[in-house]
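Data first, discussion second: the structure below is written as structure tokens.
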Amino acid sequence: KSFTLILQALDLYNISYPVSERLIEETTFSGVIFPSQEWHTLNPKGKNANITYRVRVQCDENYYNTTCTTFCRPRNDTFGHYTCGEKGDKMCLNGWQGVNCEKAICKSGCDPTHGKCDNPGECE
């Protein structure tokens, strides 16, 4: 959740100075920025220059929550039939139920003891 960003502005055009002396300005930011689509503008005032920059944190694809540790990848196969909500919760496709949305919802009136179905809306 927390990180430190170090940003340096260097004078790369003045080759008469050694690299160690080309630093125009340096700024650091330490803090916490939670994953979102929102950009955060930072504008530290330095002794030689003011540097304005924007940062944001985003989770990798299929990872959710404030620490990007909830994994959910939509699927529609033998192992489950679901999409993923905004917080990474599994949302069963129409006609499916269960922890991983792997159990078909049988046709209305299908006997719970003697009936079964492999696909939604059926009854054997």
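The values are calculated or read from the model by the stated rules, or taken from the named source; none is laboratory data. All figures in this text were calculated on a predicted structure; none of them were measured in a lab. As a convention, Cβ positions derive from the backbone with ideal geometry for all residues, glycine included, and neighbour counts pool all protein chains shown. In case anyone asks, the SASA skips ligands and DNA or RNA and just uses the protein heavy atoms, side chains included. Shrake-Rupley method; radii C 1.70, N 1.55, O 1.52, S 1.80 Å.
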Among Thr67, Thr28, the single one that is in contact (Cβ under 8 Å) with a residue 40 or more places away in the chain and either in contact with a Cys (Cβ under 6 Å, 6 or more places away or on another chain) or open to solvent by 60 Å² or more (accessible area, probe 1.4 Å) (or both) is Thr67
How about segment 98-122: which of its residues are loosely packed, with under 13 Cβ neighbours inside 10 Å and farther than 15 Å from Asn76 by Cα? Ser108, Gly109, Asp111, Pro112, Thr113, His114
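Rundown of residues vs (1) within 30 Å of Glu122 (Cα to Cα); (2) at pLDDT 90 or above; (3) basic (Lys, Arg), yes/no style:
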site	(1), (2), (3)
Ile15	no, no, no
Leu23	no, no, no
Glu26	no, no, no
Pro35	no, yes, no
Tyr63	no, yes, no
Thr70	no, yes, no
Leu93	yes, yes, no
Cys101	yes, yes, no
For the structure I just gave you, tell me whether Tyr53 is closer than 23 Å to Glu122 by Cβ and open to solvent by less than 100 Å² (accessible area, probe 1.4 Å). no
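Which ones in segment 9-58 are touching a Ser or Thr at 6+ places or on another chain (Cβ under 8 Å) and either over 30 Å from Phe71 (Cβ atoms) or of a type in the set (Asp, Glu) (or both)?
Matches in segment 9-58: Thr28, Thr41, Leu42, Asn43, Pro44, Gly46, Ile51, Thr52, Tyr53.
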